[in-house]
Each structure stands twice: as C-alpha cells, then as structure tokens.
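Following: one structure in structure tokens, then a few remarks.
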Amino acid sequence: MTLYHLSAEHNGKFICTSSSCVAIWHPLTAPSGSTPSGAESLGTVKRPDGTEQVTYKGAPLYTFAQDTKEGEVKGQGIKDVGTWGAVTISSRASAPATTTSTSTSSGGGGYGY
C-alpha cells in the first residue's frame with residue numbers, strides 16, 4: 001500500500017475533509033489513544049471528524065483509491081487543492097507499523113480521477 005501526503009496539509013491544517021475527497025484519498029487512521037510504531041517520526045493528529053490520522057514528520061497520511069496493487073503510485077503528482085506525493089518512510093524497527101485504515105464513501109465533488 002502506497003502512502004501519500006498533500007502538500008497543502010501541514011501543522012494541523014486539513015484540506016481533504018469533504019466526503020468526495022476522502023472517498024478517493026483514504027485517511028490512514030489509528031485507534032484513539034494509540035501510537036503508531038515501526039518507523040521514526042510517525043505520530044497522529046486529530047481530524048476535524050474526531051478520528052486520529054497517522055502522520056509522518058507531521059504530514060497526515062492517505063492511501064489512494066485507484067492504487068489497487070502492491071507498489072502502485074497512481075496518485076503521485078496529482079494536483080487539485082495541492083500536490084499529492086508518495087511518502088517514503090524509513091524504518092529502523094523490524095515490525096511493520098500497527099495502524100488501521102478507514103474511509104467513508106460518497107460521490108461527487110469533482111474528484112473524478
């Protein structure tokens with residue numbers, strides 16, 4: 001699964017909050033009160049809907065709905081309300097990060113990739 005960040009999102013500012021955005025860009029979420037592990041610089045931030053989203057170096061992380069196979073990066077470089085970029089996370093731990101991913105679905109909003 002490829003993880004992405006949106007260039008316009010940083011320092012607790014969220015742009016991808018509409019149902020049409022999160023239907024395509026799925027926030028990588030973690031159970032409330034948990035701390036992601038497996039790589040340095042992982043953390044969480046509370047989204048406007050109250051869920052905890054995983055961050056890397058302070059940037060909220062997302063998956064892209066059109067990435068259906070391991071290693072796909074179809075979301076790389078897409079520009080809408082900012083530029084979406086694939087994230088490379090270096091890990092010093094032997095175990096993968098422990099997180100869960102959830103999303104909501106609804107259509108519309110001009111996100112017809």
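The values are calculated or read from the model by the stated rules, or taken from the named source; none is laboratory data. All of these numbers come straight from a predicted model, not from anything done at the bench. All Cβ positions, even for glycine, are placed from backbone atoms using ideal geometry, and neighbour counts span all protein chains on display.
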Can Gly75 be described as among the small types (Gly, Ala, Ser) and part of a strand (DSSP E or B)? no
So which residues in region 30-47 are part of a loop (DSSP other than H, G, I, E, B), closer than 12 Å to Leu61 by Cβ and of a type in the set (Gly, Ala, Ser), if there are any at all? Ala39, Ser41
So the check is Cβ under 8 Å with 6+ separation or different chains; which pairs have a first residue in region 24-50 that's farther than 18 Å from Thr2 by Cβ and a second one that's among the charged types (D, E, K, R) and part of a loop (DSSP other than H, G, I, E, B)? Glu40/Arg92
For Pro31, indicate whether it is more than 12 Å from the chain's Cα centre (by Cα) and surrounded by 15 or more Cβ atoms within 10 Å (Cβ to Cβ). no
Taking the residues in region 4-28 that are aliphatic (A, V, I, L, M), out of contact with any Ser or Thr (no Cβ under 6 Å at 6 or more places or on another chain) and crowded, with 21+ Cβ neighbours inside 10 Å as candidates, determine which candidate is farthest from Val54 (Cα to Cα). Ile24
Identify, please: which residue in region 80-111 is surrounded by 13 or more Cβ atoms within 10 Å (Cβ to Cβ) and assigned to a strand (DSSP E or B) and is, among those, modelled with the lowest pLDDT? Ser101
Just a yes or no: is a residue in region 36-46 of a type in the set (Gly, Ala, Ser), under 13 Å from the mean Cα position of the chain (by Cα) and either surrounded by fewer than 17 Cβ atoms within 10 Å (Cβ to Cβ) or at pLDDT below 95 (or both)? yes
Show the residue pairs meeting these rules: Cβ distance below 8 Å; 6+ apart or different chains; first residue within region 1-18 and farther than 16 Å from Leu42 by Cα; second residue among the basic types (Lys, Arg). Phe14/Arg47; Thr17/Arg47
Go over the candidates Gly71, Gly58, Gly77 one by one and state the one that is loosely packed, with under 14 Cβ neighbours inside 10 Å, modelled with pLDDT of 80 or more, under 15 Å from Ile15 (Cα atoms) and within 16 Å of the chain's Cα centre (by Cα). Gly58
